[in-house]
Amino acid sequence: MVDTCAGALVQSFADYNAEYRSITRRAPQKFEARDWRGSLRDAVERIELYDKCVDRAVHQMQARLGDDVTERALWSSIKRRFTELIDALPDLEFDKTFFNSVTRRTFGTIGVDPAVEFVALDLDPIASVTSAIETNVYVNRGSLELLFEEVLADFRFRTPYVDFDRSVRTISNEVRAQCEVDADASKPPLQVEQIEIIRTVFFQMTRAYLVGRISGPGWQLPFVLALQNTESGVRIDAVMMDESTVSILFSFTRSYFHADLAHVGQAIVFLKSILPRKPVSELYTVLGRAKQGKTERYRELFKHLQKSDDQFVHAPGDKGLVMICFTLPSFDVVFKIIRDRFAYPKNILREEVQKKYEMVFKHDRAGRLVDAQEFKRLKFPAARFSKELVAELQDEAGNTVHFEDGDVIMDHVYIERRMTPLNLYIRNASREDAEKAVLDYGQCIRDLAVTNIFAGDLLLKNFGVTRHARVIFYDYDELCAVTDCRFRDVPQSKFDEDDMRAEAWFHVNDNDVFPETFMQFLGFDAHLKEVFLKVHGEIMTAEWWRGIQQRLRDGEVLEVLPYHRHRVRVFSSI
């Protein structure tokens, strides 16, 4: 029985992984056919696949074990045999995470149970990776044009390059320019010796990426080529050679890549070499291995708890009506727990809030929505919580948070990267930085709109600023689809007393939105208001929103790029 069950679980993960890779391998064809709707469907299908396969495995174990399905001693034996069976497999951490998912659903585990799940909080997930990912290495023999001609010749699609020679010149000129920018003022431009590129192409929505590194005497930089498939063929859309830009590409605010990697750990090691500040958990997640990303975030968190002594406290910013938000100051994440009751004027249900977070998980985040990871039945030492936070959790989240034997047990919590609330950022920033943030706030609203997201509550406190000074939306309880809204102009009143009323004198439906009233609630001073309206004034008109709405309903796919191009707008219709 033990051998049979362990073998069945190994096979269950193998079946999941094969189906996962099968979906991933459709990305090149979707790119070549310019089937962006198909890419979006594949992204959702792949995300939903994990839970389907875990549920299937749970039911299989229930059928095999019957009344013994919750016998911990039996599962301990299955775990030991499972460990032996996966010992020689690549990315065996994935198998362990899958096993844990099955046992946690079977037992409803609180915290961790080492007897029936893999823990290893001190384990470095990539320390066991001893082989390098397959790459192509290109040596500069004196001409950048010849170098990049060789690169592009190795990465061809069924759709040809628009102009192969021009593409080569475009890359060469961009690399020369960026080598001059990165050079020390007292030294000549950086000299390129070689390019190394991962053989697997990375696909994300409408773009394909060649990911690698570029190096010369005493220096190394990331090197990423963004490729666009237009009606006339494939063209070079951007050349990225700095850590900040590439980090944004592999951001926790973007949709997951589709890259058919036989050994994901090898890719993580390579990416860490060019993005050393990027947490391993986020790299696993953005490569599409969301459950492994959760495992690594959990591991990172509890490793940090072991070597720190600060307390969980309320997160900086205004108190939320729906969520209790708290953080560990020394660790770069925020925890969010849904309150038992929502104060006026919130009239949303708990289940609706959860559905909105699920919607974001599956939606094209386009670099403007934070990836919130959902955890269940976490356990922490109560001594690590401030008295003020404990009091609020007891009073406001008693249905979700329990205090037992010196521990805090959270039945349900979201964890996401910590950012500076936009209202606090603007309050403390220089005038120049405040202006940039206000303008990017407007761009954030635009980017969300073209991906069919209306934030609902545009108050600055619901947006955050990343370490790259990008504005991100993170409060999802009023989020909805642009196409589900009715954007209206404020009716003209016929009587003076109508304008004096506290409530609207005209009928307002639940899905009615009046963009011209937005500015009343944003709290900009006169200068920042002028800066915002000069660039983003049309956002305050119902006509602009109805225009976006119509384009979405007409089936247009509107893209938001993770990089800036000097030749074209940041987003465009395709």
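A few points about this structure:
- Subset of the range 164-190 (residues that are in contact (Cβ under 8 Å) with a residue 40 or more places away in the chain and farther than 15 Å from residue 240 by Cβ): 167
- Out of 89, 65, 49, sole residue that is free of Cβ contacts under 8 Å to residues at least 40 places away in the same chain, surrounded by 13 or more Cβ atoms within 10 Å (Cβ to Cβ) and assigned to a helix (DSSP H, G or I): 49
- Test: residue 275 is closer than 17 Å to residue 466 by Cα and either hydroxyl-bearing (Ser, Thr, Tyr) or in contact with a helix residue (DSSP H, G or I) (Cβ under 8 Å, 6 or more places away or on another chain) (or both): yes
- So residue 451, is it closer than 27 Å to residue 554 by Cβ, of a type in the set (Ser, Thr, Tyr) and either surrounded by fewer than 18 Cβ atoms within 10 Å (Cβ to Cβ) or assigned by TED's automatic domain parsing to the domain that holds residue 361 (or both): no
- Residues of the range 252-301 satisfying the condition of being of a type in the set (Lys, Arg), in contact (Cβ under 8 Å) with a residue 60 or more places away in the chain and either part of a loop (DSSP other than H, G, I, E, B) or under 17 Å from residue 375 (Cα atoms) (or both): 254, 289, 291, 294, 297, 299
- Among residues of the range 97-115 that are surrounded by fewer than 18 Cβ atoms within 10 Å (Cβ to Cβ), those with a beta-carbon under 8 Å from a residue that is among the basic types (Lys, Arg) and part of a loop (DSSP other than H, G, I, E, B) at least six positions away or on a different chain give the pairs 108/377; 109/377; 110/377; 111/377.
Matching residues to (1) touching a helix residue (DSSP H, G or I) at 6+ places or on another chain (Cβ under 8 Å); (2) at pLDDT 95 or above:
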{"residue": "95", "(1), (2)": "yes, yes"}
{"residue": "108", "(1), (2)": "no, no"}
{"residue": "111", "(1), (2)": "no, no"}
{"residue": "117", "(1), (2)": "yes, no"}
{"residue": "130", "(1), (2)": "no, no"}
{"residue": "143", "(1), (2)": "no, yes"}
{"residue": "150", "(1), (2)": "no, yes"}
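- Sole exception among (1) β-branched (Val, Ile, Thr); (2) part of a helix (DSSP H, G or I); (3) over 29 Å from residue 259 (Cβ atoms) for residue 109, by number: (2)
- Residue 11 passes every criterion in (1) at pLDDT below 95; (2) polar (S, T, N, Q); (3) over 23 Å from residue 361 (Cβ atoms) apart from (1).
- From the list 86, 110, 78, the one residue that fits, being over 24 Å from residue 254 (Cβ atoms), touching a strand residue (DSSP E or B) at 6+ places or on another chain (Cβ under 8 Å) and β-branched (Val, Ile, Thr), is 110.
- Test set (1) in contact with a strand residue (DSSP E or B) (Cβ under 6 Å, 6 or more places away or on another chain); (2) closer than 25 Å to residue 557 by Cβ; (3) not hydrophobic (A, V, I, L, M, F, W, C) - residue 206 fails condition number: (1)
- Test set (1) under 30 Å from residue 121 (Cβ atoms); (2) in a helix (DSSP H, G or I) - residue 245 fails condition number: (1)
- Checking each residue in the range 384-419 for being free of Cβ contacts under 8 Å to residues at least 24 places away in the same chain and either part of a helix (DSSP H, G or I) or of a type in the set (A, V, I, L, M, F, W, C) (or both) picks out 387, 390, 391, 394, 395, 403.
- Matching residues in the range 159-173 - criterion: being among the hydroxyl-bearing types (Ser, Thr, Tyr) and in a loop (DSSP other than H, G, I, E, B): 159
- Leading residue by the ranking (modelled with the lowest pLDDT) among those in the range 548-574 that are acidic (Asp, Glu) and surrounded by fewer than 19 Cβ atoms within 10 Å (Cβ to Cβ): 556
- Residue in the range 297-305 that is closer than 21 Å to residue 391 by Cβ and touching an Asp or Glu at 6+ places or on another chain (Cβ under 8 Å) present: no
- Given (1) at pLDDT 95 or above; (2) within 30 Å of residue 37 (Cβ to Cβ), number of the condition residue 331 does not satisfy: (2)
- Against the criterion of being part of a loop (DSSP other than H, G, I, E, B) and aromatic (Phe, Trp, Tyr), residue 476 qualifies.
- Enumeration of residues in the range 121-158 that are assigned to a loop (DSSP other than H, G, I, E, B) and crowded, with 16+ Cβ neighbours inside 10 Å: 125, 126, 129, 133, 140, 155, 157
- Index of the failed condition, residue 379 passing every other in (1) within 24 Å of residue 297 (Cβ to Cβ); (2) assigned to a helix (DSSP H, G or I): (2)
- Selection within the range 406-444: residues that are more than 23 Å from residue 325 (Cβ to Cβ) and among the charged types (D, E, K, R). The member of this set that is surrounded by the fewest Cβ atoms within 10 Å (Cβ to Cβ) is 432.
The values are calculated or read from the model by the stated rules, or taken from the named source; none is laboratory data. Being a predicted model, the structure only gives us computed values, none of them experimental. Backbone-built Cβ (ideal geometry, glycine too); neighbour counts: all protein chains shown.
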